[in-house]
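Engineer: Structure provided below as structure tokens; questions to follow.
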Amino acid sequence: MKRLRLLFAVNCIFILLACQQQQEAEMTPITDKSEIISKWKEGDRTVEIFEDGKLVYTDKQRKVPVIGSYELVDGNILKASYAGFETQDYKAYMLNGELILHGINDDSKSRLKRVN
């Protein structure tokens with residue numbers, strides 16, 4: 001019985017790993033900023049990305065939106081800068097119409113849905 005449980009657990013792990021690899025394979029790297037010009041939302045946070053390189057970040061904790069800038073460099077690297085904060089670098093992808101951002105300098109991950 002213990003072997004059967006172990007075999008079941010191992011099979012579940014392999015299935016989960018295969019699903020994760022398939023999902024990562026379906027992510028399309030962002031290479032053109034026109035793909036991300038929009039308003040995006042994750043939880044209580046929104047990020048509005050403009051054509052001219054401007055960003056506007058809002059969340060429920062802040063009373064005033066934070067204005068910053070961004071640029072796409074080296075393929076799909078999104079560099080985001082906000083006054084008073086360190087520049088953040090993200091690998092940017094699209095997956096099923098969502099903007100996926102993986103932090104390069106940290107392990108942050110965001111999955112943003114288009115608002116408009």
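Engineer: Within segment 102-116, how many residues are assigned to a strand (DSSP E or B) and touching an Asp or Glu at 6+ places or on another chain (Cβ under 9 Å)?
Structural biologist: 6
Engineer: Out of Ser69, Ser108, report the one residue that is farther than 19 Å from Thr28 by Cβ and under 16 Å from the mean Cα position of the chain (by Cα).
Structural biologist: Ser108
Engineer: Further, regarding this structure: Scan segment 102-116 and report the pairs whose first residue is free of Cβ contacts under 8 Å to residues at least 24 places away in the same chain and whose second residue is surrounded by 13 or more Cβ atoms within 10 Å (Cβ to Cβ) and of a type in the set (Ser, Thr, Tyr), with Cβ atoms within less than 7 Å and a gap of 6+ or a chain change.
Structural biologist: Listed pairs, sorted by first residue: His102/Tyr90; Gly103/Tyr90.
Engineer: Need pairs with beta-carbon distance below 7 Å; first residue touching a residue at least 40 places away in the same chain (Cβ under 8 Å) and farther than 15 Å from Arg111 by Cα and within segment 78-97, second surrounded by fewer than 18 Cβ atoms within 10 Å (Cβ to Cβ) and among the small types (Gly, Ala, Ser); sequence gap 6+ or separate chains.
Structural biologist: Note: no pairs meet the criteria.
Engineer: Read through the list (1) within 15 Å of Ser110 (Cβ to Cβ); (2) among the acidic types (Asp, Glu); (3) modelled with pLDDT of 95 or more, then give the number of the only condition that Asp59 fails.
Structural biologist: Going through (1) within 15 Å of Ser110 (Cβ to Cβ); (2) among the acidic types (Asp, Glu); (3) modelled with pLDDT of 95 or more one by one, Asp59 breaks only (3).
Engineer: Output the qualifying pairs, or none if there are none: Cβ atoms under 6 angstrom, residues six or more apart or on different chains, first residue in segment 44-70 and surrounded by 15 or more Cβ atoms within 10 Å (Cβ to Cβ), second residue assigned to a strand (DSSP E or B) and of a type in the set (Phe, Trp, Tyr).
Structural biologist: Note: pairs meeting the criteria are Val47/Trp40; Val47/Tyr57; Leu55/Tyr70; Val66/Tyr57; Val66/Tyr82; Gly68/Tyr82.
Engineer: Taking the residues in segment 72-86 that are assigned to a loop (DSSP other than H, G, I, E, B) and under 16 Å from the mean Cα position of the chain (by Cα) as candidates, determine which candidate is farthest from Ile100 (Cα to Cα).
Structural biologist: Gly75
Engineer: Criterion first (touching a Gly at 6+ places or on another chain (Cβ under 6 Å) and not in a helix (DSSP H, G or I)) does Leu55 satisfy it?
Structural biologist: The answer is yes for Leu55.
The values are calculated or read from the model by the stated rules, or taken from the named source; none is laboratory data. The model shown is predicted, which means the values in this text are computed figures rather than measured ones. Cβ coordinates were reconstructed from backbone atoms using ideal geometry, including for glycine residues, and neighbour counts include every protein chain displayed.
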